[in-house]
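K.L.:
Pasting a structure here, questions to come.
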Amino acid sequence: MAASQYACEAIWMQNILVGLFGQRMDPIVIYYDNQSCIKLSKNPIFQDRSKNIDIQYHHLRDYVVKRIMLLLYVSTEEQDA
């Protein structure tokens, strides 16, 4: 859920910067500590066990598949927040 909210905010900020400066940017990198979410977003094939996943994860998966966003793992101990 948190990754989806971060993705929406990052896309919003990127759209503002693209509108101001008129050039396309590199993919957005989000560091996240949920390995299941990262693996699910990188696998575009729907599994029987993932059919009831919330629509927010499918929204996040679309960004990852389109190379608009990258999700990278960072352990909980290494997070600054």
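K.L.:
Is there a residue being under 15 Å from Cys8 (Cα atoms), of a type in the set (A, V, I, L, M) and either open to solvent by less than 80 Å² (accessible area, probe 1.4 Å) or at pLDDT 80 or above (or both) anywhere in the stretch 33-53?
P.N.:
Checked against the condition, which is being under 15 Å from Cys8 (Cα atoms), of a type in the set (A, V, I, L, M) and either open to solvent by less than 80 Å² (accessible area, probe 1.4 Å) or at pLDDT 80 or above (or both), the stretch 33-53 yields no hits at all.
K.L.:
Further question on the same structure: Could you check how many residues of the stretch 54-81 are of a type in the set (Phe, Trp, Tyr) and either exposed (fewer than 13 other Cβ atoms within 10 Å of the Cβ) or modelled with pLDDT of 85 or more (or both)?
P.N.:
Keep residues of the stretch 54-81 that are of a type in the set (Phe, Trp, Tyr), which gives 57, 63, 73.
Cutting the leftovers down to either exposed (fewer than 13 other Cβ atoms within 10 Å of the Cβ) or modelled with pLDDT of 85 or more (or both) gives us 63, 73.
Summing the residues that are of a type in the set (Phe, Trp, Tyr) and either exposed (fewer than 13 other Cβ atoms within 10 Å of the Cβ) or modelled with pLDDT of 85 or more (or both) in the stretch 54-81 gives 2.
The values are calculated or read from the model by the stated rules, or taken from the named source; none is laboratory data. All values derive from a computational prediction rather than experimental measurement. So basically every Cβ, Gly included, is an ideal-geometry build from the backbone, and we count neighbours across all protein chains shown. Keep in mind that these areas ignore ligands, DNA and RNA; they rest on the heavy atoms of the full protein, side chains included. Shrake-Rupley method; radii C 1.70, N 1.55, O 1.52, S 1.80 Å.
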